[in-house]
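Read the figures in this text as sums done on the coordinates, not as results from a lab. Just so it is clear, the structure is predicted and the values come from calculations on it, not from any experiment. Neighbour counts run over all protein chains shown; Cβ positions are idealised from the backbone, glycine included.
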Amino acid sequence: MDKKKCTAIILAAGQGKRMGTKVQKQFLNLGGKPVLWYALYAFENSPVINDIILVTGADLVEYCQSEIVEKYGFCKVRSVTAGGAERYHSVWKGLCAMGDKENRIVFIHDGARPFVDEAMIGRAYEEASASGACVIGMPVKDTIKIADENGYIASTPKRSLVWQIQTPQVFDAELIVSAYREVIEREQELLSQGVQITDDAMVVEYVCEHPVKLVQGSYENMKLTTPDDLEVAEAFLQKRL
Ligand SMILES: Nc1ccn([C@@H]2O[C@H](COP(=O)(O)OP(=O)(O)OP(=O)(O)O)[C@@H](O)[C@H]2O)c(=O)n1
Ligand SMILES: C[C@](O)(CO)[C@H](O)COP(=O)(O)O
């Protein structure tokens with residue numbers, strides 16, 4: 001069977017409120033390059049990826065075009081697009097910028113997750129080509145408790161079945177566009193039910209029965225979220241050099 005075309009949507013439109021820095025975390029310096037550079041580099045150099053859509057803040061589109069895409073020569077970036085208020089709005093903007101969905105696979109990846117690598121991208125491609133939907137993640141190492149509303153333990157899930165979820169999250173393009181379209185149309189109803197949409201697999205889980213396979217990532221495939229993550233990322237980077 002012919003290889004499907006692969007588009008990577010790299011998300012860099014967040015405000016980084018939990019990081020609390022003046023410069024958004026995806027543009028902070030990590031080993032002499034912006035954090036965002038690392039994810040772009042991995043997808044640019046992956047043989048399975050055909051093109052990249054970079055989603056950033058409306059006021060940062062020109063900056064990203066000149067200071068990231070052109071400066072570092074990321075030739076696969078075909079569009080720098082303005083994102084939205086929440087992560088899922090930014091994903092939707094990226095999907096709308098993608099165009100032709102037929103025979104295509106979409107990789108959705110956090111620009112604040114620098115240590116994605118070629119092997120991971122390859123594993124996700126194989127799985128998404130076969131089954132249409134997968135997310136990268138790792139089995140948890142700690143015991144996990146589900147709390148009740150009052151802060152007491154309500155239950156303890158079987159640890160071997162609990163995974164921490166990372167990105168990329170990878171889907172057949174027609175499947176993810178139609179799932180996102182429905183969620184965006186039903187947004188007010190979902191919000192009024194208290195639903196928080198924090199990843200892409202959830203969007204598929206909400207609107208259709210399509211199974212989403214878990215594919216092994218790595219414990220180093222961390223997202224920069226709070227200030228202490230910067231030190232951890234520096235340490236991981238040193239290991240790679
Ligand atoms: N409206 C948004 C929100 C998030 N993201 C991106 O989605 C990824 C994961 O989101 P998260 O860690 O939550 O980033 P922020 O929203 O920036 O962080 P915070 O919630 O602390 O403000 C990041 O690469 C971020 O830039 C985005 O493109 N658009
Ligand atoms: C998509 C994600 O990176 C998977 O771990 C994560 O859910 C992003 O959500 P956050 O709540 O904004 O950190």
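Note on region 115-126: residues that are crowded, with 20+ Cβ neighbours inside 10 Å and under 15 Å from Asp172 (Cα atoms) total 3.
Within region 211-241, take every residue that is among the polar types (S, T, N, Q) and within 16 Å of ligand 1 (Cβ to nearest atom) and give me the one that is surrounded by the most Cβ atoms within 10 Å (Cβ to Cβ). Ranking the candidates gives Asn221 first. Of everything in region 44-90 that is in a helix (DSSP H, G or I) and within 16 Å of ligand 2 (Cβ to nearest atom), the residue that is farthest from the chain's Cα centre (by Cα) is His89. Identify all residues within region 177-199 that are within 16 Å of ligand 1 (Cβ to nearest atom) and touching a helix residue (DSSP H, G or I) at 6+ places or on another chain (Cβ under 9 Å); write none if there are none. Across region 177-199, the qualifying residues are Tyr180, Val183, Ile184, Glu187, Gln196, Ile197, Thr198, Asp199.
Residues of region 152-170 include none that is surrounded by 11 or more Cβ atoms within 10 Å (Cβ to Cβ), touching a residue at least 24 places away in the same chain (Cβ under 8 Å) and over 21 Å from His109 (Cβ atoms). Checked against the criterion of being crowded, with 22+ Cβ neighbours inside 10 Å and within 25 Å of Ala133 (Cα to Cα), the candidates Val77, Val48, Val35 yield just one match: Val77. The set of residues in region 182-205 being in contact (Cβ under 8 Å) with a residue 40 or more places away in the chain and among the small types (Gly, Ala, Ser) consists of Ala201 alone.
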